[in-house]
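Written below as structure tokens is the structure these notes are about.
The numbers here are math on the coordinates, done by the rules we state, and not lab data. These numbers were taken from a predicted model, which means no experiment stands behind them. Cβ: placed from backbone, ideal geometry, glycine included. Neighbour counts: every protein chain shown.
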Amino acid sequence: MADNLTAGSAAPSLVRRQGMGGAEFLRRYGVVVALLALLAFNAAFTPNFLSWQTVNVNLTQACAIVIVAVGMTLVVASGGIDLSVGSLMAISGALAPLVFTGALFPLPSHGVGIALAFVLPVAVAALLGLFNGWLVTRFSIQPIVATLVLFIAGRGIAQVVTNGNLQVFREPGFQAIGLGRVAGVPVQVVLMVLIVAVAAFVLTRTLYGRQLLAVGGNARAAHLSGINVRRVRCLAYVASGALAGLAGLVVIARNGASDANLVGLGMELDAIAAVAVGGTLLSGGRASMIGTLLGALVIQLVRYTLLANGVPDAAALVVKAVLIIAAVWIQQRSLGKAG
């Protein structure tokens with residue numbers, strides 16, 4: 001069952017033949033153990049934790065993290081990293097209100113404006129993701145450096161587009177993505193589940209998914225086997241950009257406001273933490289979309305648990321950093337023993 005959660009596992013290893021060690025157990029099931037521990041702690045000590053209102057808050061807050069982390073998982077699986085996701089959320093969130101209010105260009109109808117507000121910002125974010133991929137593949141720039149460009153400049157672009165102003169709006173047609181419900185379930189939760197399901201299918205059941213993991217595992221060998229390494233990596237960055245743009249729309253629709261200074265702030269850390277805690281190998285070649293989903297829920301519950309028990313939100317940053325370090329250490333121990 002555990003192997004079904006993770007794509008890219010190699011042939012039967014020494015760990016499987018000799019039994020599962022502690023590091024391997026934590027790599028496979030650590031995120032589940034952490035999630036269950038957080039749920040048990042809050043159920044016992046946090047008032048009203050089991051109420052539908054609390055469940056709804058945690059699920060909706062986790063949605064943006066999950067959506068961004070799915071894109072991050074694809075990039076990390078290819079052997080890269082994307083630090084620009086928070087800034088791309090800000091750009092997408094800045095553009096959408098300008099589109100549906102007609103401030104950016106004249107609209108033939110209100111409905112067209114709403115439709116374009118969903119499409120155009122995500123398309124722009126995808127193009128910026130392509131820019132990241134182009135820097136990485138065309139000029140062989142280290143991904144952490146290449147995506148640092150938009151990490152810095154992207155939020156500045158969003159601030160310039162909005163003149164640094166807070167955009168407050170009330171547009172039910174657009175806000176359905178953040179506030180709407182389908183059979184009582186928030187639309188953003190439905191969207192999150194669909195994205196995870198599609199991404200998991202692509203990763204485990206398609207040629208592109210196999211190529212992505214091959215590139216992340218050994219780019220040189222993948223190239224020699226006939227895989228277009230540049231195309232595979234570029235597509236991962238495009239997907240990451242598009243999903244970051246979509247997450248930006250979810251966030252501003254939920255809040256009824258867009259602030260270029262705050263939308264997506266720190267999301268790159270949340271996404272990387274979710275990916276690492278979920279069991280995806282940060283050096284590439286192995287990934288788990290279900291693990292990423294569970295990792296994002298852990299990240300959200302860590303924040304909620306700290307706030308509910310009077311710990312400042314800033315402390316969550318330290319906890320997330322510790323989680324990333326712990327996840328990387330577990331991965332290294334697991335790989336060392338498996339090798």
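Given Cα pairs under 8 Å that are at least 6 residues apart, what percent is the relative contact order of the stretch 117-272?
45 percent.
Peptides 310-320, 290-300, 192-202: what's the order by average Cβ count within 10 Å, highest mean first?
Highest-to-lowest ranking by the protection proxy: 290-300, 192-202, 310-320.
Just to check I understand the Karplus step: with θ = phi - 60° and J = 6.51 cos²θ - 1.76 cosθ + 1.60, what whole-Hz values come out for the stretch 279-290, glycine and proline as x?
3J(HN,Hα) across the stretch 279-290, in whole Hz: x, 6, 6, 5, 8, x, x, 8, 8, 9, 6, 5.
In whole Hz, with x marking every Gly and Pro, tabulate ³J(HN,Hα) for the stretch 194-204 from phi via Karplus 6.51 cos²θ - 1.76 cosθ + 1.60, θ = phi - 60°.
Once θ is set to phi - 60°, the couplings for the stretch 194-204 become 4, 5, 4, 5, 5, 5, 5, 5, 4, 5, 9 Hz.
Between helix 314-338 and the chain, what is the angle of the helix's C-alpha long axis to the longest principal axis, kept within 0 to 90° and rounded to the nearest 10?
30
Using Cα atoms only, what is the angle between the long axis of helix 110-138 and the major principal axis of the chain, expressed in degrees (0 to 90) to the nearest 10?
Result, in degrees: 40.
Separation between the Arg333 and Phe169 pseudo-spin-labels, each 7 Å from Cα along Cα→Cβ, expressed in nm?
Here the modelled spin labels are 4.9 nm apart.
Near the amide H of Arg181, under 5 Å away, which other amide H atoms are found, from residues 5 or more places off or on another chain, if H is placed in the peptide plane?
Residues meeting the amide H criterion: Val187.
Measuring from a point 7 Å past the Cα of Phe139 along Cα-to-C-beta, which residues in the stretch 74-105 have an amide N at less than 17 Å?
Of the residues in the stretch 74-105, 81-84 have backbone N under 17 Å from the label point off Phe139.
Between Leu224 and Ser109, what length comes free when the chain is fully extended (0.36 nm per residue of separation minus the Cα-Cα distance, one decimal in nm)?
Contour length minus Cα-Cα distance gives 36.2 nm.
Taking the Cα atoms only, what angle lies between the long axis of helix 22-45 and the longest principal axis of the chain, rounded to 10 degrees?
With rounding to tens, the tilt is 50 degrees.
Which order results if Tyr237, Tyr304 are arranged by neighbouring Cβ count within 10 Å, fewest first?
Tyr304, Tyr237
Would you mind calculating the relative contact order of the stretch 185-257 from Cα pairs under 8 angstrom and at least 6 residues apart, reporting the percent as a whole number?
The value is 19 percent.
Suppose each label sits 7 Å from its Cα in the direction of the beta carbon; what would the Tyr208-Leu262 distance come out to in nanometres?
Rounded to a tenth, the inter-label distance reads 3.5 nm.
Would you mind calculating the gained length between Leu127 and Val190 on full extension (0.36 nm times residue separation, minus the Cα-Cα distance), in nm to one decimal?
20.1 nm
Whole number please: convex hull volume per residue of the Cα set in the stretch 260-303, in Å³?
Once divided by residue count, the hull of the stretch 260-303 is 75 Å³.
Compute the relative contact order of the stretch 29-137 as a whole-number percentage, counting only Cα pairs closer than 8 Å that sit 6 or more residues apart in sequence.
Relative contact order of the stretch 29-137: 17 percent.
Near the amide H of Arg286, under 5 Å away, which other amide H atoms are found, from residues 5 or more places off or on another chain, if H is placed in the peptide plane?
Leu281
If you work out Cα extents along the principal axes in Å from the coordinates, which of [x] 74, 51, 48; [y] 59, 41, 36; [z] 65, 54, 35 do you get?
Working out Cα extents along the principal axes in Å from the coordinates points to [z].
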